[in-house]
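Structure, as C-alpha cells:
The values are calculated or read from the model by the stated rules, or taken from the named source; none is laboratory data. Please read all numbers here as calculations on a predicted model, not as lab measurements. Cβ: placed from backbone, ideal geometry, glycine included. Neighbour counts: every protein chain shown. Side chains are part of the model used for accessible areas, which takes the heavy atoms of the whole protein and leaves out ligands, DNA and RNA. Shrake-Rupley method; radii C 1.70, N 1.55, O 1.52, S 1.80 Å.
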Amino acid sequence: MKLLDLLFPPQCPFCRRILERPGVCPDCECALPRTSAADGLRDLSGVPCASPLWYQGPVRDALRGLKFSGRIGTAEALGGLLAECAAEHFSGEFDTVTWTPLSRKRHRERGYNQARLLAESACRYWNVKPVRLLEKFRENPAQSGLENAAARWENVRGVYRAIGEPAGKNILLVDDICTTGATLTACAKSLQSAGAHKVFCLTAARTPQMAENGESRKE
C-alpha cells in the first residue's frame, strides 16, 4: 500500500467509510439515487447530457464537499460511475475528453477544478488523459448563487471560449452537476463554434425537474 493511502485512506464519498481502494462502499452503491436510462439523458439545445445520479441526499452532500470543502477524493471515487454512464449513453461516439473551466480567480481560491478532477478520474478507466479545450476568460457571479434559470443563462453569456484544437473532434465535456444546463450549453457552443464535430456532456449528477424549471434552489 502506498504511503499516501496509509495517511489518507480512500473513503466512500457518501458515508465516509474507509475503503481498500477508491470507489463507493457496497451499502451506498445499492442505495444511490440513480437516474434511469431515460431520465439520465437530457437534451441541452441539441447537445446530449448524461448523468448517472440525481443531485439529492448523500449525492448532493458529496458533491458539495468536493466543490466547496476540498474533498477531492470524491472525484476519484466517482470515476467508475462516470465511465459507466458514458459507456451506456455515448459508447464509441467520442474521441476526446475535456472539462468545464473555472476562472483564474476561482481556481486560485479553490486550488483545483472539480470538473477537471472528475474528467481525469473517468479517463483512468479508458487509459487516456483529458485535454484542456476551454477557458473562462471573464469573471462572473457563481451560478450556485442564482435562483432561476433565466439568470443562470444570462450569467454565462460570453464568458467561455475554445482553445487548443477542438476542430473535427467528437468531444465529451465533463462537469459536476447539471442544473439548468446553462454552463454546459455555453461551453458546448464555444467548442462547436471552434469546429468541434460533436459534443456530448457528462455530469456526476443532475437536479430534479423543479430546479431546472427555475424554482428557487440555492447552494
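Some notes on this structure:
- For the pair E135 and R17, label points projected 7 Å from Cα toward Cβ lie 4.5 nm apart.
- Shape of the chain, Cα gyration tensor, a/c cut at 1.5: rounded
- If the segment from A150 to D39 were pulled out straight at 0.36 nm per residue, it would be longer than the present Cα-Cα gap by 37.7 nm.
- Secondary-structure-derived ellipticity at 222 nm for the chain, considering helices only, amounts to -10500 deg cm²/dmol, per-run term -39500 (n - 2.57) for DSSP H runs with n ≥ 4.
- Shape of segment 1-123 from the C-alpha gyration tensor: oblate (a/c of 1.5 or more and a/b not above b/c, with a ≥ b ≥ c the square roots of its eigenvalues).
- Label-point gap, in nm, between E109 and E29 - each point 7 angstrom along Cα→Cβ: 3.8
- A simple rule links phi to the HN-Hα coupling: the Karplus curve 6.51 cos²θ - 1.76 cosθ + 1.60 with θ = phi - 60°, which for segment 163-172 gives 9, x, 10, x, 4, x, 8, 9, 10, 9 Hz, with x for Gly and Pro.
- Net charge, K169 excluded, C-beta distance under 14 Å - Lys, Arg +1, Asp, Glu -1: -1
- Rounded to the nearest 10 degrees, the angle from helix 114-123 to the longest Cα principal axis of the chain is 70 degrees.
- FRET efficiency estimate (nearest 0.05) - Cβ-Cβ, E93 to F68, R0 30 angstrom: 0.40
- For segment 15-66, fraction of C-alpha pairs farther apart than 13 Å, in %: 66
- Summarising the strand pairing of the chain, around 35 percent of its internal DSSP beta bridges are antiparallel.
- Degrees, to the nearest 10: 73-90 long Cα axis against longest axis of the chain: 60
- Percent carbon-and-sulfur accessible area, the chain, ignoring ligands, DNA and RNA, probe 1.4 Å: 50
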